[in-house]
């Protein structure tokens, strides 16, 4: 049993020989979890990882990078609007 809710439509699994790999997509609407929040374990009763040891900067995924880019673009656009207003 999973500890957290996932977005089933965005989650996948693959099998290579005897290895099965799951990619579980988390969403911000799931029990208040935020993107980028590390799970100590995905399975109930599973081994707990020390999430404080994870170097988050090394594992940024595309969705987080896109959010950062969009925020920077919005801030730049707002700054440009302020400059235009000051020039009037």
Q.
Quick check on my filter: what residues within the range 1-30 are surrounded by 10 or more Cβ atoms within 10 Å (Cβ to Cβ) and either assigned to a loop (DSSP other than H, G, I, E, B) or at pLDDT below 85 (or both)?
A. 3, 4, 5, 6, 7, 11, 24, 25, 26, 27, 28, 30
Q: For the range 49-71, state whether one or more residues are at positive phi, out of contact with any helix residue (DSSP H, G or I) (no Cβ under 7 Å at 6 or more places or on another chain) and modelled with pLDDT of 85 or more.
A: no
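The values are calculated or read from the model by the stated rules, or taken from the named source; none is laboratory data. Remember, predicted model here, so these are calculated numbers, not experimental data. Don't worry about glycine lacking a Cβ; one is built from the backbone with ideal geometry, like all the others, and counts go over all protein chains shown.
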